[in-house]
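For reference, the structure I am asking about is given below.
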Amino acid sequence: MKEIYLDNSATTPLYSEVIDLMNRVQEQVFGNPSAMHEKGIAAEKVIDTARRQVARVLAVSDQEIVFTSGGTEANNLAICGSARRNRKRGSHLITTVFEHPSVLNCFRYLEREGFTVSYLPVNQDGLIDLEMLQCEITSATTLVSIMHVNNEIGSVLPLAAIGPLIKIKNPRTLFHLDAVQSFTKLPVDPLGWQADLISCSSHKIHGPKGAGCLWIRKGTLMDPLFHGGGQELGMRSGTENTAAIAGFGLAAQLSENDQRDKTAKMMSLKTAFLREIEKQGITFVINGPNPDNAAPHILNLAFPGFKAELLLHSLEEKKIYVSAGSACHSRHPKPSHVLNAIGLQDDLPASSLRFSFSALNSLAEVTLAAHETADTIRHLKSLINQ
């Protein structure tokens with residue numbers, strides 16, 4: 001059976017054009033971008049091109065893009081860098097209970113440094129109470145960090161309402177958003193949302209691992225995490241990974257092309273998968289928001305009575321690849337903090353699988369995957385009943 005890859009929220013296969021570009025850069029543009037000779041200048045030009053490509057997608061200045069090693073580093077730089085730099089103005093920070101671990105663990109670390117953190121709860125759809133957020137913001141609040149799209153259940157946070165609310169309550173409070181799961185999949189509006197910091201990742205958009213970026217609005221005060229040669233506008237010292245950055249830039253450009261059509265395709269694939277599962281007549285529960293109101297590429301389903309790990313490996317035997325949750329936690333036995341945060345009861349968190357799609361998937365693939373998932377459930381149930 002041909003492989004069917006439905007774990008695109010964890011990582012995506014590279015565009016062939018990206019592979020070709022990276023190979024060419026590694027072979028021909030190997031100079032240090034900081035060097036003053038022509039080899040270095042050539043590498044610098046490659047990075048400048050990628051910076052413009054990423055900035056164009058976000059509709060921001062390329063001089064506000066800082067390349068990092070990925071979304072985790074971008075989140076760490078945004079959160080720790082801004083909190084420490086602005087500590088004299090206040091030490092209160094706000095986030096939500098179902099952020100990505102690279103965000104939550106930053107805040108837990110900052111608590112050990114003496115910062116106070118408010119963790120906003122979410123409802124069953126993964127949405128926060130805006131009045132509660134408004135009440136939590138004080139004159140001592142220097143940062144609010146909220147993801148755009150949740151990586152496990154696909155909730156889309158209303159950032160167009162959240163950003164202005166923050167600035168009305170305290171204009172000096174910085175607003176960071178983790179756009180790793182939404183960048184090039186949904187419109188991201190830094191200026192309209194009054195954001196100050198935005199994290200993006202390459203390997204979620206058919207680019208290479210080891211590259212990402214942080215958009216830092218001009219004038220935003222930050223401390224760097226690394227100290228060295230002052231690369232990346234002084235915010236990210238260390239010799240740049242030229243090939244990976246080049247691949248990131250091209251992936252951003254390719255993913256942005258016909259974005260609406262690609263988003264519509266992913267939504268149609270998700271809908272087709274769900275309809276096929278329903279047609280098969282097996283018992284399942286949709287975790288999180290109504291799929292029509294969620295991100296186009298994420299569907300989280302619980303299959304009561306069956307362990308997610310068993311289902312995952314049974315599908316893997318059929319060369320169908322899905323996830324039991326966030327890739328950052330998939331090897332840990334603890335239930336998903338996201339599924340716990342939305343109030344799933346009983347064995348539902350432990351029986352949940354995430355199916356995540358990309359525009360590179362086909363209708364035939366997802367229909368077959370849904371049929372095989374149902375067939376797997378029926379087979380396992382028959383074994384239990386023997």
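The values are calculated or read from the model by the stated rules, or taken from the named source; none is laboratory data. Given the structure is predicted, the values throughout are model-derived calculations rather than measurements. When we count neighbours, we look across all protein chains shown, and the Cβ atoms used for this are built from the backbone with ideal geometry, even at glycine.
What's the number of the only condition in (1) at negative phi; (2) surrounded by 18 or more Cβ atoms within 10 Å (Cβ to Cβ) that K279 fails to meet?
The number of the failed condition is (2).
Name every residue in the stretch 231-280 that is farther than 23 Å from S16 by Cβ and of a type in the set (D, E), in order of residue number.
E232, E240, E276, E278
Right, here's the next one. Is it fair to say Q134 is under 22 Å from V54 (Cα atoms) and surrounded by fewer than 21 Cβ atoms within 10 Å (Cβ to Cβ)?
no
So, restricting to helices (runs of 4 or more DSSP H) that lie completely within the stretch 283-386, which ones have at least 1 residues that are within 19 Å of S268 (Cα to Cα) and touching a strand residue (DSSP E or B) at 6+ places or on another chain (Cβ under 8 Å)?
Ranges flagged: 363-385.
Answer with yes or no whether F248 is part of a loop (DSSP other than H, G, I, E, B) and either surrounded by fewer than 18 Cβ atoms within 10 Å (Cβ to Cβ) or assigned by TED's automatic domain parsing to the domain that holds L157 (or both).
no
Consider only pairs whose beta carbons are under 7 Å apart and that are at least six residues apart or on different chains; among these, list those whose first residue lies in the stretch 298-309 and is over 12 Å from G154 (Cα atoms) and whose second residue is surrounded by fewer than 23 Cβ atoms within 10 Å (Cβ to Cβ) and of a type in the set (D, E).
Taking only residues 6 or more apart or on different chains, the pairs are P304/D347.
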